[in-house]
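Just so it is clear, none of the values below were taken in a lab; they were calculated from the coordinates. Please read these numbers as outputs of a predicted model, since none were measured by experiment. Positions of Cβ are generated from backbone atoms using ideal geometry, with glycine treated the same way; all protein chains shown enter the neighbour counts.
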Amino acid sequence: MIDTGKYEGHTEGEWIVKGNDKWGWAVETPKHNDPMAFIERRNDDGQIVSLSKADARLIADAPLLLAEVKRLRERHVAFMQWMIENHDEIVNEWEASE
């Protein structure tokens, strides 16, 4: 399971992908209006090559993905609590439908 607590204090809000395939990609936030990360990788020969725009978008969507993980965990906990509280009724209805 991912420890979402290690992301506390991250830059909130929308992250934006800027750049192009030739020069690479930067991830910016409107809050700071300056690049917070330049994205590059090195090939097997050690030469710098840009990542795909899809990789840059994945990085930029990190805050949204984190929020979704947290939302789904809360729903899961609420559902499990509901299942515990209604266990007998659920089993009775299930057995009656057989």
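What to note about this one:
- Look at the dipole of the chain built from charges on Cβ: of Val91, Gln47, Met80, the Cα furthest out on the positive end belongs to Gln47.
- Size of electric dipole in the chain: Cβ of Lys, Arg +1 and of Asp, Glu -1, about Cα centre, debye, nearest 20: 800
- The chain: relative contact order in percent, alpha carbon pairs under 8 Å with at least 6 residues between: 21
- Each principal axis of the chain carries a Cα extent, and these read 66, 33, 21 Å when sorted largest first.
- Calculated mean residue ellipticity, 222 nm, the chain: -14000 deg cm²/dmol, from DSSP H runs (n ≥ 4) at -39500 (n - 2.57) each, averaged per residue and rounded to 500.
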